[in-house]
Each structure stands twice: as C-alpha cells, then as structure tokens.
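Report on the following structure.
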Ligand SMILES: [Zn+2]
C-alpha cells in the first residue's frame, strides 16, 4: 500500500517558518483526517518532491518539456552541499526565457522551500483551492500545495 501525504510549502521559497506553523499543521491534519502530521524545518533550501506521482517538467513560458538531463544539470549547479540549494537563474533551451528551478512547471506540483508541513492521509487526493485558501488564512502567507505518494 502506498503512503500519501498532503504537503504545503511557502509560495516564497526563502520564507522562514512562521509562528503559525503549528496551527497550520493542526488545520492540515483536520482537513486530511490525519493523526500523523508534522512540521519539518530544514533551515536551508530543499527540494520538496511529489514522490512516485511525478510526470514531467515544462517551461513556464512556452510549455515545452524540460528534459530530465537538463533538469539534473540545473539541480547539480544549484546544489551547494551543506548549504542546500541556491536558486540560480537558468535560460530555457526552448524559448530562452529566464527561469529558476522553482518557477518551472512541475506536473504535479513540486517546489523549493526551507520547511514543509505535511499530513499523512489515506489517499484522498490533492488539496482543493478552497482548502489551500483556508490554510493560507491560518498561515498568514501564500502557500503551494504538493500531493506526495511513496
Ligand atoms: Zn520555453
């Protein structure tokens, strides 16, 4: 059986963990019907993935596919070891637009953040727009939702 997690990260990848984190965790647990929710603060930028659901990556300007080779090359150049990731500017090969690894279109959503809040659930599907809005109200900041499956 797969493990499913509802995850939220800040829309601003550099955002520090807000004081509202525990309230967000409790709200997320209630939404997901979860007894297992947590706050994880890395203190440095990390890639928060979607697990086995991953389908692909696209250019945010023209929607052309970004190859896995290209993406790995950018991930390598942005990785600063113990310092975590630094989001450098890259130029897409398709239409030469400036992007960062965090502004690429990930299907489904993934992103970069210093922290995440997650709740294990029985696979009820991704957070809805309304649920994300409720969580943002509790958090006091904009969030990005990620549905993880492992
Ligand atoms: Zn493009």
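All of the numbers you see were taken from the coordinates with simple rules; none came from a lab. All of these numbers come straight from a predicted model, not from anything done at the bench. Cβ coordinates were reconstructed from backbone atoms using ideal geometry, including for glycine residues, and neighbour counts include every protein chain displayed.
Descriptive notes on the structure:
- If only residues of region 57-98 that are in a strand (DSSP E or B) and within 14 Å of the ligand (Cβ to nearest atom) are counted, the one that is nearest to the chain's Cα centre (by Cα) is 57.
- One residue alone among 69, 14, 82, 19 is loosely packed, with under 12 Cβ neighbours inside 10 Å and in contact (Cβ under 8 Å) with a residue 40 or more places away in the chain, and that residue is 14.
- One residue stands out in region 102-111 among those that are within 15 Å of the ligand (Cβ to nearest atom) and part of a loop (DSSP other than H, G, I, E, B): the one that is farthest from residue 67 (Cα to Cα), namely 103.
- Test result for residue 102, surrounded by 15 or more Cβ atoms within 10 Å (Cβ to Cβ) and over 19 Å from residue 13 (Cβ atoms): no
- Among the residues making up region 93-126, those that are under 24 Å from residue 60 (Cβ atoms) and touching a helix residue (DSSP H, G or I) at 6+ places or on another chain (Cβ under 7 Å) are 93, 101.
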